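Structure first, commentary second.
The values are calculated or read from the model by the stated rules, or taken from the named source; none is laboratory data. In this text the structure is predicted, and so the values were computed from the model without any measurement. Here the Cβ positions follow ideal geometry from the backbone for every residue, glycine too, while neighbour counts run over all protein chains shown.
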Amino acid sequence: MAYSEQEILAGLAEIVSEETGLPTDSVLPEKSFTDDLDIDSLSMMTIVTLAEEKFDVRIPDDEVKNLATVGDAVSFIAGAQGKA
Amino acid sequence: MSHPIDVVVTGLGATTPLGGDVPTTWAAALAGESGARPFDPEWVETFGLPVTFAATIKVTPDEVLTRPEIKRMDPSAQYAIIAAREAWADAGAPEIDGERLGAVVSSGIGGIWTTLEAWDTLREKGSRRVLPMTVPMMMPNSPTAYVSLEFGAKAGAHAVVSACATGAEAIGYGVDMIRSGRADIVIAGGTEATIHPMPIAAFAASRTLSLRNDDPQAASRPYDVDRDGFVIGEGAGVVVLESAAHAAARGARVYGRIAGVGLSADGYHITSPEPSGDGQIRAMKAALAESDVTAADVVHVNAHATSTVVGDLIEARSVRGALGEDSDHVALSATKSMTGHLLGGAGALETIFTVLAVRDRQAPPTINVETPDPELVLDLVRDKPRQLRDGDVAALNNSFGFGGHNVALVVTSV
């Protein structure tokens with residue numbers, strides 16, 4: 001099944017919240033993973049691993065550096081669905 | 001010959017089968033409570049485990065840590081951090097240059113939950129689902145590394161490992177860091193979190209666990225004629241060690257001194273203690289020789305005594321061998337009768353018990369001894385705490401581990 005961008009944002013916010021302790025409603029599309037959410041590279045890879053499983057997508061390592069904001073990740077995951 | 005740098009204990013922390021902190025744990029120990037209880041019956045059904053109980057932790061980490069902390073740390077590190085935070089606060093959160101602060105908080109087995117869960121994930125879902133935090137969570141230096149990170153301990157973060165002697169050896173290493181001038185304060189102790197079906201199956205396979213499934217609370221019974229093995233426990237104990245001069249300068253409350261550290265190895269067998277107790281005796285004698293007290297000053301011994309048929313008696317004879325006639329006035333306590341065996345955490349928790357016994361002049365009880373082994377040659381404290389004499393006193397804490405590791409610590413009053 002395909003997830004809507006809204007569902008992906010909600011699911012991603014849950015993953016980020018579990019990883020960082022930030023409330024889910026602070027994980028907004030315009031937030032930068034590094035600058036706003038203080039997520040280091042190891043945490044980012046954890047989030048990627050969990051997101052791949054949750055949304056059944058593949059997020060290649062060389063794509064991760066392009067995911068600067070939560071919105072970038074949501075768009076990528078939405079586009080990658082069905083290609084895993 | 002005592003060392004010119006005196007090392008004292010200024011903070012205590014623990015999370016154990018008896019309680020989520022030191023005051024609760026110590027009160028339960030003095031009251032003779034048992035921390036043994038049945039574990040998840042599904043484990044028994046699924047895996048056919050021959051043992052159905054353990055001394056599981058009383059306060060689970062999810063009651064005290066945040067979700068991200070729990071996700072980033074193996075349970076062995078979670079217990080260590082909980083105990084370290086209590087110990088540090090108990091010491092008055094001393095202000096210190098990080099380069100003069102050390103960490104030595106070890107686990108005997110390491111991040112076994114993380115290791116096994118990652119293996120399950122790999123087999124069920126493939127390599128891409130194995131989490132990136134797996135390595136920093138399974139490495140055996142993870143607890144000491146997290147303690148170092150949290151408190152900014154930069155003089156060195158070490159993880160000495162010697163199976164069930166680990167916690168005591170870590171404290172000994174911490175004492176040495178201060179005596180050698182590398183640090184003024186060291187956060188030291190041991191932790192373990194191995195109550196998982198695989199290690200239980202493995203310990204059961206080595207025939208070292210009690211099988212008293214019908215009465216878990218009576219299963220750990222060191223020196224009783226009907227003892228049949230140890231009860232696996234979990235948890236952590238952490239102490240704040242400090243040079244006496246540093247503690248005095250900041251007006252710290254001092255619980256007691258670690259006056260001597262004795263280490264030896266049996267060089268005999270990978271699991272069995274050497275029958276004559278030679279290695280154990282050498283460790284106790286070395287600890288006393290390094291201290292400024294003699295066997296005549298020793299009023300209490302916290303025994304390693306795990307409730308195994310062979311090990312308990314070897315130790316009792318070793319105490320007599322090390323202390324000679326002075327062992328007649330020793331109150332012997334086997335606190336694993338209450339806590340179970342915390343493996344890498346045991347030596348640290350029992351050091352805490354020894355420090356408190358000396359401070360309070362109260363030797364904790366040994367429970368479940370209905371008929372003492374007739375070969376026991378020492379005065380065992382049974383069922384109720386024993387008042388120790390006033391005046392300056394000393395005590396020994398013994399810890400021995402698979403592999404033939406022997407550690408004895410001399411604790412004295414202040």
Residue that is farthest from the other protein chains (Cβ to nearest Cβ) [pool: residues in segment B:32-55 that are out of contact with any strand residue (DSSP E or B) (no Cβ under 6 Å at 6 or more places or on another chain) and within 17 Å of B:LEU116 (Cβ to Cβ)]: B:LEU49
Contacts under 9 angstrom Cβ, first residue in segment B:316-344 being assigned by TED's automatic domain parsing to the domain that holds B:ASN302, partner assigned to a helix (DSSP H, G or I) and among the aromatic types (Phe, Trp, Tyr), 6 or more apart: B:SER333/B:PHE353; B:THR335/B:PHE353; B:THR339/B:PHE353
Residues within segment B:362-403 that are surrounded by fewer than 24 Cβ atoms within 10 Å (Cβ to Cβ), of a type in the set (Gly, Ala, Ser) and either closer than 27 Å to B:THR294 by Cβ or at pLDDT below 95 (or both), tallied: 1
Flag if B:ALA202 is in the same structural domain as B:GLY48 (by TED's automatic domain parsing), in a helix (DSSP H, G or I) and without any contact (Cβ under 8 Å) to a residue 24 or more places away in the chain: yes
Residues (under 11 Å from B:HIS341 (Cβ atoms) and either among the hydrophobic types (A, V, I, L, M, F, W, C) or not assigned by TED's automatic domain parsing to the domain that holds B:VAL51 (or both)) located in segment B:205-218: B:LEU209
Tabulated pairs, segment B:159-178, first under 14 Å from B:ILE258 (Cα atoms) and assigned by TED's automatic domain parsing to the domain that holds B:GLY190, second polar (S, T, N, Q) and surrounded by fewer than 24 Cβ atoms within 10 Å (Cβ to Cβ), C-beta under 9 angstrom, 6+ apart or interchain: B:ILE178/B:SER243
Selection from segment B:277-325 of residues that are closer than 24 Å to B:SER210 by Cα and in a loop (DSSP other than H, G, I, E, B): B:GLY277, B:ALA303, B:HIS304, B:ALA305, B:THR306, B:SER307, B:THR308
Those residues of segment B:51-83 which are under 16 Å from the mean Cα position of the chain (by Cα) and either modelled with pLDDT under 95 or among the small types (Gly, Ala, Ser) (or both), in sequence order: B:ALA55, B:SER76, B:ALA77, B:ALA80, B:ALA83
Index of the failed condition, B:ALA153 passing every other in (1) within 14 Å of chain A (Cβ to nearest Cβ); (2) touching a Leu at 6+ places or on another chain (Cβ under 6 Å): (1)
Residue identified as at negative phi, aliphatic (A, V, I, L, M) and either in contact with a helix residue (DSSP H, G or I) (Cβ under 8 Å, 6 or more places away or on another chain) or within 14 Å of chain A (Cβ to nearest Cβ) (or both) among B:ILE187, B:ILE178: B:ILE187
Residue among B:GLY108, B:GLY102 that alone is more than 14 Å from chain A (Cβ to nearest Cβ), under 22 Å from B:GLY235 (Cβ atoms) and not polar (S, T, N, Q): B:GLY108
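Helices (runs of 4 or more DSSP H) wholly in chain A with at least 3 residues that are closer than 20 Å to B:ARG128 by Cα and touching a residue at least 12 places away in the same chain (Cβ under 8 Å) - which ones?
Numbers: elements: A:5-20, A:41-55, A:61-64, A:70-80.
Where helices (runs of 4 or more DSSP H) fall fully within chain A and carry at least 3 residues being closer than 20 Å to B:ARG128 by Cα and touching a residue at least 12 places away in the same chain (Cβ under 8 Å), they are A:5-20, A:41-55, A:70-80.
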Matching residues in segment A:25-39 - criterion: being away from chain B (no Cβ under 14 Å) and among the acidic types (Asp, Glu): A:ASP25, A:GLU30, A:ASP35, A:ASP36
Selection status of B:GLU33, in a loop (DSSP other than H, G, I, E, B) and surrounded by fewer than 21 Cβ atoms within 10 Å (Cβ to Cβ): yes
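Let's see how each residue does on (1) surrounded by fewer than 17 Cβ atoms within 10 Å (Cβ to Cβ); (2) within 14 Å of chain B (Cβ to nearest Cβ):
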site	(1), (2)
A:PRO23	yes, yes
A:ILE47	no, yes
A:GLU53	yes, yes
A:ASP56	yes, yes
A:ASN66	yes, no
Flag for B:ILE109 being among the hydrophobic types (A, V, I, L, M, F, W, C), more than 30 Å from B:PRO273 (Cα to Cα) and either surrounded by fewer than 21 Cβ atoms within 10 Å (Cβ to Cβ) or touching a residue at least 40 places away in the same chain (Cβ under 8 Å) (or both): no
Scope segment B:129-158; condition closer than 15 Å to B:GLY98 by Cα, out of contact with any helix residue (DSSP H, G or I) (no Cβ under 8 Å at 6 or more places or on another chain) and in contact (Cβ under 8 Å) with a residue 12 or more places away in the chain; matching residues: B:SER148
Subset tally (residues that are within 14 Å of chain A (Cβ to nearest Cβ) and not in a helix (DSSP H, G or I)) for segment B:111-137: 5
Within segment B:222-249, tally of residues that are of a type outside the set (Ser, Thr, Tyr) and assigned to a strand (DSSP E or B): 12
Odd one out for A:SER17, checked against (1) within 11 Å of chain B (Cβ to nearest Cβ); (2) closer than 12 Å to A:VAL70 by Cβ; (3) surrounded by fewer than 15 Cβ atoms within 10 Å (Cβ to Cβ): (3)
Given (1) more than 14 Å from chain A (Cβ to nearest Cβ); (2) surrounded by fewer than 19 Cβ atoms within 10 Å (Cβ to Cβ); (3) assigned to a helix (DSSP H, G or I), number of the condition B:VAL59 does not satisfy: (3)
Residue within segment B:326-349 that is in contact with a strand residue (DSSP E or B) (Cβ under 7 Å, 6 or more places away or on another chain), assigned to a helix (DSSP H, G or I) and within 13 Å of B:GLY262 (Cβ to Cβ) present: yes
